[in-house]
Amino acid sequence: MQLTPEELVSEFHDAVMELYFARKRIVILEAENAELRSRLATATAQEPED
């Protein structure tokens, strides 16, 4: 399948936009993961030992 220069630019733009939003989502997930790890560490530290 041959793409015209305009189609190639459009495909490239779509890929760049997908990457942009994926990176934004990764940042959100990393922050959520860090918060959950912190809560888990706090909860684990507060557990009474038998």
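Can you give the calculated 222 nm mean residue ellipticity of the chain, where each DSSP H run of n ≥ 4 adds -39,500 (n - 2.57) and the sum is split over every residue, rounded to the nearest 500 deg cm²/dmol? Show your work: numbers first, answer last.
Working: 1 runs with 42 residues, N = 50.
Taken over the chain, the calculation gives -31000 deg cm²/dmol.
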Probe 1.4 Å, protein heavy atoms only - accessible area per residue of the chain in square angstrom: 101 Å²
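To the nearest 20 debye, what charge dipole does the chain have about its Cα centre, counting +1 at the Cβ of each Lys and Arg and -1 at the Cβ of each Asp and Glu?
140 debye
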Simple spin-label estimate for Phe12/Ala43, 7 Å along Cα→Cβ, in nm, reads 4.8 nm
In the set (1) 18, 20, 17, 16, 13, 10, 6, 1; (2) 26, 47, 22, 5; (3) 22, 23, 18, 15, 11, 7, 4, 0, which value of P(r) over Cα pairs in 10 Å bins from 0, in percent was calculated from the structure you see? (3)
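The values are calculated or read from the model by the stated rules, or taken from the named source; none is laboratory data. Computed from a predicted structure; not experimentally measured. All Cβ positions, even for glycine, are placed from backbone atoms using ideal geometry, and neighbour counts span all protein chains on display. Accessible surface is based on the protein model in full, side chains and every heavy atom, while ligands, DNA and RNA are left aside. Shrake-Rupley method; radii C 1.70, N 1.55, O 1.52, S 1.80 Å.
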